[in-house]
Amino acid sequence: MNEVLMLLDQDAGVDNRREVVIRGLMVYLSENAERLITHYQHINGDLDPDDLTHHALKIVTEGGSADGSPLEAGIVLEGVQVIAGLQSVPNACVVLVGLMYAVNLSYPKPLRYTFEFFQKMLLELHSGKLSPKILSLKNKLLT
């Protein structure tokens, strides 16, 4: 969790804070944020197609380094970058959840609690039955 909180030292902007909240949620739910978000340091132009084939579902980012280059995020589904040019990781998360809901994709098992939280707690879609882990988090947040 300390690694996640150290991200706040880099930038105190709203998008960075939102990304820290998302990563902190994933840490709390015992899910690996690297399964969802990957940052590429030295990308010129498009992402390498050979590298993309290893990702079934991923938010990829580039830029946003100390040299002042803006962060750019994109979404990879089944090894193909389907969306590029998003401004931040939180924006990419919103688009990803909407995309998954629109095309009726199932959530990947290693990230099921994160996506369940997004769907049932934030979007309040099908929020009747919660898994024990999400129900526990809901009770902690509401007390």
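The values are calculated or read from the model by the stated rules, or taken from the named source; none is laboratory data. Note that the structure is predicted; figures quoted are calculated from it, not measured. Ideal geometry is used to build each Cβ from the backbone, glycine not excepted, and the neighbour counts take in all protein chains shown. SASA here: full protein model, heavy atoms, side chains in, ligands and nucleic acids out. Shrake-Rupley method; radii C 1.70, N 1.55, O 1.52, S 1.80 Å.
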- Message: Could you check region 96-108 and list, in sequence order, the residues that are open to solvent by 50 Å² or more (accessible area, probe 1.4 Å), touching a residue at least 12 places away in the same chain (Cβ under 8 Å) and outside any loop (DSSP other than H, G, I, E, B)?
- Response: Tyr101
- Hits in region 37-50 (condition: modelled with pLDDT of 65 or more, open to solvent by less than 80 Å² (accessible area, probe 1.4 Å) and either within 22 Å of Phe117 (Cα to Cα) or more than 14 Å from the chain's Cα centre (by Cα) (or both)): Ile37, Thr38, Tyr40
- Which residue pairs have Cβ atoms under 6 Å apart, sit 6 or more places apart or on different chains, and have a first residue in region 109-120 that is of a type in the set (D, E, K, R) and a second that is surrounded by 19 or more Cβ atoms within 10 Å (Cβ to Cβ)? Glu116/Ile134
- How about region 10-36: which of its residues are of a type in the set (Gly, Ala, Ser) and within 12 Å of the chain's Cα centre (by Cα)? Gly24, Ala33
- Which of the residues belonging to region 121-143 are of a type in the set (Val, Ile, Thr) and without any contact (Cβ under 8 Å) to a residue 12 or more places away in the chain? Thr143
